[in-house]
Each structure stands twice: as structure tokens, then as C-alpha cells.
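The values are calculated or read from the model by the stated rules, or taken from the named source; none is laboratory data. Just so you know, these numbers come straight off a predicted model, no measurement behind them. Here Cβ is always computed from backbone atoms with ideal geometry, including for glycine, and neighbour counts include all displayed protein chains.
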Amino acid sequence: MSTALVWFRRDLRLADNPALHVAAQRHARVLPVYVHAPGDEAGWAPGAASDWWLHHSLLALDGRLRRRGAGLLILRGDALEQLRGLAAAVRAESVYWNRLYEPALAARDARVAAALRADGLETGDFNAALLVEPWELRTGSGAPYRVFTPFWRSAQAAPRREPLPSPRMLKPPAAPAGLQAQALGLLPRKPWDQGFYQAWQPGEEGAWAALERFCAGAAAQYRERRDFPAEPATSRLSPHLHFGEIGPAQVAARLRRLAAESDAAGGAVEPYLRQLGWREFAHHLLHHFPHTPEQPLDPRFAGLAWRAPPDYAADLRAWRRGRTGIPIIDAGMRELWHSGWMHNRVRMLAASFLTKNLLVPWQEGARWFWDTLVDADLANNTLGWQWTAGCGADAAPYFRVFNPLLQAARFDPAGAYLRRWLPELARLPDAALHAPWQAAPAVLAAAGVRLGQDYPLPVVDLAASRGRALRSYAQLKGGGNAGISLLL
């Protein structure tokens, strides 16, 4: 009886899993295995929030596999060494997996594939994570895309892949004992993760529950209300997509069915698919420009006069703690710490404030998000921070400065988001909530707010710090004020 190993990584689902599907179709016995090797990620080992999610997702996957006759074998150590040993122990003929696209992991996988083939094993790798492979799309001149709109137009014209079904049953071979998920030490020793349990259900079932909730409710208001952080108008699928508990082809297929079922909810299809397109674009950029997690895509920004670490240490600490004195920024950072997630509009504002108003290098923010987001994804994180810092892919290099007060007044006019995450300001009237330092003393006293004690004064003057950022940009070679855009 032929035997195949299926090497699970960030494809922690049964449905639309090409590696698992092929193994079940071609082999009588299939052994699902997960090898824990965070050291292979070359400086980008998953952060604490990602570890929390991974622990629970592995448990969920193991449960679903057991209902189909095979559990998940968990190993730890060098991936090649573990796969070689396991293949020999169970006399496997083949090893299958779904592709990862981070530069270090793609290189690791190529080495593993070459070594296993040299051992006489068949290997196969498949696309489970993207609608279009990063290397499949090129501009008319043959170069990688650096602008989203033509990239997405090209991606939409690519052949559509239909989702695959789950295998009905699996028959594993007798295998050596593996580890329990708890042995990987992914959960925190101190219980800072309590809010995560209230916010999330990791695993394939949780992913589909989130998608169905979105289709049943939020999809109808997604186009108009997705930028309002107090409203449940987004899908919250990002961590499920990152860990492969659901794939973009599955999401796209479900949304197309939704469009056929409901004209109102179907209005979300095009703008939501466009957001999936940004995810595809992020992976396209990371594949073609593998230096970008650490260095700007626009090389001019390597010379930007950021503040030095000793000078910005206190401001960076205040930003991380949600103690900057700018309510919309602090609310977002506290939401992040409590739930491992932040609304996308607020992510942009928090990133803009750090890089523009505080003039802290974007890499500092990227590292903090990497450690604290449950949906931390190297491609998406890199694109988001470089986009906001103005040094990444775009139609033209220019500097963006978001005004957090005007943005908050526009997208949280009644202050519901601020009051949820900043209870010390909850009694302030709407007119004073977004900028409490501008409120009259009597208004503050009536709300029980003592600035500098209950809530901090701003760590920086918004207007003056914007001017400082503009001057720093103007000093870049080839830059200048003509290239600066103020997004108010």
C-alpha cells in the first residue's frame, strides 16, 4: 500500500487543500504531519500573538483530521531531518505540501525538496494560499508590478481556480509518537491573552463561521461602512487567511454565490475582492523584492533622517502602550493589545502617526505589529508599513500625512470606538472626545478627566510634527514638497 506524508504549515484546513487532496487521491495511506521549526524564518519567527493562534489552530486541525480517521502528527526540529526520518519510519513514497512565499521559507522548501528527491522520494508542492502565483504576472515590459491597479486588473484576468472538496476519510500508516501541541510552548506564561478568547475562534470551522457571519450581515454595509472602526462591517478573516484555515479561492467563490443570492449583500463582492487583491499584491512584491521587510522599496528613503533610537524611545513606548495622548491612536493600540487585531483604518492612522508625527522608523512599527497581531503576515505587514511610510509600491513616491483628529471625527463621529477602548474618557462630550487637550477645564472636570494623570497629554504637537516630517522628506534626493500629499 502506497504511503504519502502531507506536510502541513500555514494551510491548516481540510477543504481546498491541494496537497492533501492529491495525497488522498493517489495513495492508500496518508499521514498528516506538522513540523515546528520557527528558526527557519530567518529573523521573522512568529510573534507571541501568532503563536497563540497557531496553538489553537493545530488543535482544531487535529480534531477535524481525527473525525476523518487520521490525527495530526506534531514534530519539532529541522524540517528536512524530521521529514526524512518520518518517511523512512513509515516507508513513505511521497511527500506533499502547499507553498509558502516568504523568501527564507521558499529557499528552505527548495532545499528540502531537492534532498528528498535525492533520497528517492517523490515530492509535490501546490498553491493553496493565493489566487495567482507571484511569478505568474508581469508588466508589458516583463517587469514585476509596482502599482496595484494594473496588477489587480491582470490578476482578475488570470484563470480562476475552483475550490477542492475535503477528503471523506483518511487511512494513516502506523507512525512514531509525536508531540502534544502544548509541548511546543506556544501559549503565554502570563495571561495577557484573555481578550483573544473573547474575540476569536481559530480553526477551519471558525473561519467559515466568520465568513458566513459576514455574508449574513456585514457584507450589505461593507462598501459604505468598512472604514468605521466601531461598526462590525468587516469580515475579520485576516488571521484565518494567514494560517490557511480558509483560502482566498474559497472566499471568492462564496462571495460570488452571495452576489447571486442577494443584490444588497452582493455589493460587497467587488470591494472585498479588491482587498483580497491587495493581499495578492503584497505577496507579489515580497517575492520580487525580498529585501523589503527590512529595507524600503524606494531606495531614496534609505536616506531619510529618522530620529535616533535614544531620542524616540519614550515616544515609541507610549505608542505601544496606547498612551500618546491622541485618542484615536491610543484606542487602536489598546484594541491591538487586548484582541490581537486592529481595524484597518486605525492601523493606517497608528502607522502614520508613528512614522510621520513621531518620525520613528517604520521598521519599529512593523516589528511591534508582527509580535502583537494575530494576523501578522510578512507580505501584508511589509506592504502596509511601507505604503504608510511612503517608501513602498505606489503610482508615484510621495509622502502621506494623516490628520488623526479629522480622521477620527469622520470615521468615529459619535466616539463609540474611543469610548470602548478609552474608558477614562467615556464621559467627555463628543465635541471634546477627539482632542481632550483642547477642551475647556470645566468640561474636563465635569467628565472627571485630569489630563496628565487620568489620560496623558499629547506626546507631540500634531501641526509642528507634520512640518518636521515634511522637511525631512524634502531633504531626500529627488524629493521635494511637490511630491507630498496631505491626506486629511
- line: In segment 355-390, anything within 18 Å of residue 303 (Cα to Cα) and hydrophobic (A, V, I, L, M, F, W, C) is listed as 358, 359, 360, 362, 385, 387, 389
field: Index of the failed condition, residue 228 passing every other in (1) at pLDDT 95 or above; (2) surrounded by fewer than 21 Cβ atoms within 10 Å (Cβ to Cβ); (3) touching a Ser or Thr at 6+ places or on another chain (Cβ under 8 Å)
entry: (3)
field: Candidates 223, 256, filtered to the one that is in contact with a Gly (Cβ under 6 Å, 6 or more places away or on another chain) and either closer than 26 Å to residue 153 by Cα or of a type in the set (Asp, Glu) (or both)
entry: 223
Residues located in segment 107-119, provided they are in contact (Cβ under 8 Å) with a residue 24 or more places away in the chain and surrounded by fewer than 19 Cβ atoms within 10 Å (Cβ to Cβ): 111, 115, 119
field: Single residue of 251, 269 found to be at pLDDT below 95, crowded, with 17+ Cβ neighbours inside 10 Å, hydrophobic (A, V, I, L, M, F, W, C) and within 30 Å of residue 138 (Cβ to Cβ)
entry: 269
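Residues are listed down the side, and each one gets a yes or a no for (1) in contact with a strand residue (DSSP E or B) (Cβ under 8 Å, 6 or more places away or on another chain); (2) surrounded by fewer than 22 Cβ atoms within 10 Å (Cβ to Cβ); (3) in contact (Cβ under 8 Å) with a residue 12 or more places away in the chain:
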position: 22; (1), (2), (3): yes, yes, yes
position: 26; (1), (2), (3): yes, yes, yes
position: 39; (1), (2), (3): no, yes, no
position: 45; (1), (2), (3): no, yes, no
position: 54; (1), (2), (3): no, no, yes
position: 84; (1), (2), (3): no, yes, yes
position: 95; (1), (2), (3): yes, no, yes
message: Taking the conditions exactly as written (part of a helix (DSSP H, G or I) and at pLDDT below 95), does residue 219 satisfy them or not?
response: yes
query: Which condition breaks for residue 286 when tested against (1) within 20 Å of residue 393 (Cα to Cα); (2) surrounded by 24 or more Cβ atoms within 10 Å (Cβ to Cβ); (3) over 19 Å from the mean Cα position of the chain (by Cα)?
result: (3)
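Yes/no matrix, rows are residues, columns are (1) aromatic (Phe, Trp, Tyr); (2) under 22 Å from residue 340 (Cβ atoms); (3) free of Cβ contacts under 8 Å to residues at least 40 places away in the same chain; (4) surrounded by fewer than 24 Cβ atoms within 10 Å (Cβ to Cβ):
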{"position": "353", "(1), (2), (3), (4)": "yes, yes, no, no"}
{"position": "357", "(1), (2), (3), (4)": "no, no, no, no"}
{"position": "361", "(1), (2), (3), (4)": "no, no, no, yes"}
{"position": "370", "(1), (2), (3), (4)": "yes, yes, no, yes"}
{"position": "375", "(1), (2), (3), (4)": "no, yes, no, yes"}
{"position": "391", "(1), (2), (3), (4)": "no, no, no, no"}
- prompt: What are the residues in segment 423-464 that are modelled with pLDDT of 95 or more, over 33 Å from the mean Cα position of the chain (by Cα) and not in a loop (DSSP other than H, G, I, E, B), if any?
  reply: 432, 437, 438, 441, 442, 443, 444, 445, 446, 451
field: Within segment 387-421, tally of residues that are at pLDDT 95 or above and assigned to a helix (DSSP H, G or I)
entry: 14
field: Selection status of residue 30, over 23 Å from the mean Cα position of the chain (by Cα) and surrounded by fewer than 22 Cβ atoms within 10 Å (Cβ to Cβ)
entry: no
- line: Residue count, segment 162-187, condition loosely packed, with under 14 Cβ neighbours inside 10 Å, more than 20 Å from residue 66 (Cα to Cα) and not acidic (Asp, Glu), comes to 1
query: Name the residues in segment 1-50 that are in a helix (DSSP H, G or I), within 21 Å of residue 106 (Cα to Cα) and touching a Pro at 6+ places or on another chain (Cβ under 8 Å), would you?
result: 20, 38
- prompt: In segment 319-340, what residues are of a type outside the set (D, E, K, R) and surrounded by fewer than 22 Cβ atoms within 10 Å (Cβ to Cβ)?
  reply: 325, 337, 338, 339
